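Down below is the structure, laid out as structure tokens.
The values are calculated or read from the model by the stated rules, or taken from the named source; none is laboratory data. As the structure is a computational prediction, the values presented were derived from the model and not from experiment. Don't worry about glycine lacking a Cβ; one is built from the backbone with ideal geometry, like all the others, and counts go over all protein chains shown. Heavy atoms of the whole protein, side chains included, go into the accessibility calculation; ligands, DNA and RNA do not. Shrake-Rupley method; radii C 1.70, N 1.55, O 1.52, S 1.80 Å.
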Amino acid sequence: MAESRVIVVTHFPSPYQVELFNEVERQRPGVLRVFYLNQRVAARKWSGVPVTHDHAYLDAGNAILETARAAVTRATFVIFNYYIDGVSAGLIKARAATEGPWCFWGERPGYRFPWLARLARLSRLGPLRSGRAPIWGIGRWAVNAYRAEFGDARAYMNLPYYSNLDRFRAAQPKYSSDITFLFSGSLIHRKGVDLLARAFRDTAAANPRVRLKIMGDGPLQPRLMQTLGASDRVEWVGFTDWNALVPVYESAHVLCVPSRHDGWGLVVPEGLAAGLPTIATDHTGAALDLIKPRHNGWLVRAGDLDGLSRAMKQAARLDGDEWSSMSHRARASIVDHSLPIGAARLLGGVDHALSQSRGLN
């Protein structure tokens, strides 16, 4: 029944995508088949989430590549979530040549070398540029960028990443005057953790009761340790697997997401679901969609050390009632960001695109 199926081509089985596609399978059994370009990516250490949807790994050999090419050309609808390598670009061209309906679903492009990245899109997303396939942006920030680049003569939809937030909703952080800030992510320049270290040092000089937990690992750790010194108010949690995150969130009071660029940023909905008011930047897709300043968190300009420091100082001054109110609003702000709603939105996007396609034929 390949002809009646929806095909997804994506990078690798990240836990949040697997959870979403598993939920699509639960809601509409048999409709979905996912081709993962890679079974594993060395830079990603997460343990796998059990896969309950139909899937295959394209790095398993030439035979599966031929199967994928045939499936992509015959499917009712195809969703491309990746375009950077030659395999995905070739599959996009193969689908476009059939003139069958398809869409591109992606994060906001462009952080480093934006002009080189744009040239890559000109080549590998050429069929998207020359046609009118829908674009699904992962957050409003992505939708706006793709609309500016690809024009208005096509349909756009905001379809962010969704994951199972129920485990985070079960967290019960408790107020303490010793406010603990949490960072969760890779210790790399793009994530802005170097700015966080400096902002925390400034905040701690004004408020000796604040604490910082850094969850993650990466090449910046030696530099961060030098910036923060041997402080007993800094805890290095290290890499923490997908299924062990909740106790760390529960032990904190405020989540910090100081990214210089983050196309979506799953830590934002995770932190809000756990009841943590969240400080994040205006170059983080999830923050732009989900954070209302001084309501459930703070938005600061990406790369703005002073702005980040001011937000942390404001958070450190919250009393118990203020923090509890923000914590309650953080949870409430994410109530509609559930896995079932995300899967239903994906399926609704497919149905809408197919109805539009039939209307054009």
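Before moving on, here are some points about what is shown:
- Some residue of the range 263-271 being open to solvent by less than 10 Å² (accessible area, probe 1.4 Å) and within 21 Å of ASP178 (Cα to Cα): yes
- Filtering PRO127, PRO173, PRO160 for residues that are assigned to a loop (DSSP other than H, G, I, E, B) and open to solvent by 10 Å² or more (accessible area, probe 1.4 Å) leaves a single hit, PRO173.
- All positions within the range 217-227 that are in contact (Cβ under 8 Å) with a residue 12 or more places away in the chain and assigned to a helix (DSSP H, G or I): GLN221, ARG223, LEU224, THR227
- Search result, residues across the range 147-163 that are touching a Pro at 6+ places or on another chain (Cβ under 9 Å) and under 27 Å from LEU272 (Cα atoms): TYR156, MET157, PRO160, TYR161, TYR162, SER163
- A count restricted to the range 193-216 and to residues that are part of a helix (DSSP H, G or I) and among the aliphatic types (A, V, I, L, M) stands at 8.
- When restricted to residues that are closer than 24 Å to GLU322 by Cβ, in a loop (DSSP other than H, G, I, E, B) and among the hydrophobic types (A, V, I, L, M, F, W, C), the range 238-264 contains 1.
- Filter result (in a loop (DSSP other than H, G, I, E, B) and either among the aliphatic types (A, V, I, L, M) or closer than 16 Å to GLY185 by Cα (or both)) within the range 265-288: GLY265, LEU266, ALA274, LEU276, HIS283
Okay, residues lined up against (1) in contact with a Ser or Thr (Cβ under 7 Å, 6 or more places away or on another chain); (2) within 24 Å of GLY137 (Cα to Cα):
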site	(1), (2)
THR278	no, yes
HIS295	no, no
ALA302	yes, yes
LEU308	no, no
MET326	no, no
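- Test for ARG121: is it among the basic types (Lys, Arg), open to solvent by less than 30 Å² (accessible area, probe 1.4 Å) and at pLDDT below 95: yes
- Some residue of the range 242-250 being surrounded by 22 or more Cβ atoms within 10 Å (Cβ to Cβ) and either free of Cβ contacts under 8 Å to residues at least 12 places away in the same chain or within 21 Å of the chain's Cα centre (by Cα) (or both): yes
- Flag if TRP323 is part of a helix (DSSP H, G or I) and buried (at least 20 other Cβ atoms within 10 Å of the Cβ): yes
- Only one of the listed residues (GLY137, GLY192, GLY185) is of a type in the set (Gly, Ala, Ser), buried (at least 16 other Cβ atoms within 10 Å of the Cβ), within 19 Å of VAL78 (Cβ to Cβ) and under 23 Å from the mean Cα position of the chain (by Cα). That residue is GLY137.
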